[in-house]
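All remarks here apply to the structure that follows.
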Ligand SMILES: N[C@@H](CCC(=O)N[C@@H](CS)C(=O)NCC(=O)O)C(=O)O
């Protein structure tokens, strides 16, 4: 199971997380949301991120939605579990 990254075009906060994932070579699935369609305000998305913003990063039951925290990926639950899966 890969990390799911919810993002939207033109979001520098999302780019920051994408860059972090790419640099750390963590596999992820891109979930592109369209603001113009309100895809970041659906009940399903608000369950992931009550602020209705992007990015949100989901790894199993664990969700992280403040992009600065993603710089902590090496120490986070997310990267540990993702790295373990990649090395399995
Ligand atoms: N503090 C948040 C800010 C996220 C943020 O403001 N994202 C903007 C896009 S750059 C957003 O989702 N805007 C849509 C909205 O507020 O409806 C983070 O760093 O992740």
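Residue pairs whose Cβ atoms lie under 8 Å apart, sitting 6 or more positions apart in sequence or on different chains, and linking a residue in the range 23-41 that is in contact (Cβ under 8 Å) with a residue 24 or more places away in the chain and closer than 12 Å to residue 58 by Cα to a partner that is within 16 Å of the ligand (Cβ to nearest atom) and assigned to a helix (DSSP H, G or I), are 28/21. Consider the range 13-31. How many of its residues are within 21 Å of residue 51 (Cβ to Cβ) and touching a strand residue (DSSP E or B) at 6+ places or on another chain (Cβ under 9 Å)? Residues flagged as within 21 Å of residue 51 (Cβ to Cβ) and touching a strand residue (DSSP E or B) at 6+ places or on another chain (Cβ under 9 Å) within the range 13-31 amount to 9. Scanning the range 47-62 for residues that are more than 8 Å from the ligand (Cβ to nearest atom) and either at pLDDT below 90 or more than 8 Å from the chain's Cα centre (by Cα) (or both) yields 47, 48, 49, 50, 59, 60, 61, 62. Scanning the range 1-24 for residues that are in a helix (DSSP H, G or I) and in contact with a helix residue (DSSP H, G or I) (Cβ under 7 Å, 6 or more places away or on another chain) gives 13, 16, 17, 20.
The values are calculated or read from the model by the stated rules, or taken from the named source; none is laboratory data. Computed from a prediction, not measured in an experiment: that's the story for all the values here. Neighbour counts are summed over all protein chains in view; Cβ atoms, including those assigned to glycine, are modelled from backbone coordinates with ideal geometry.
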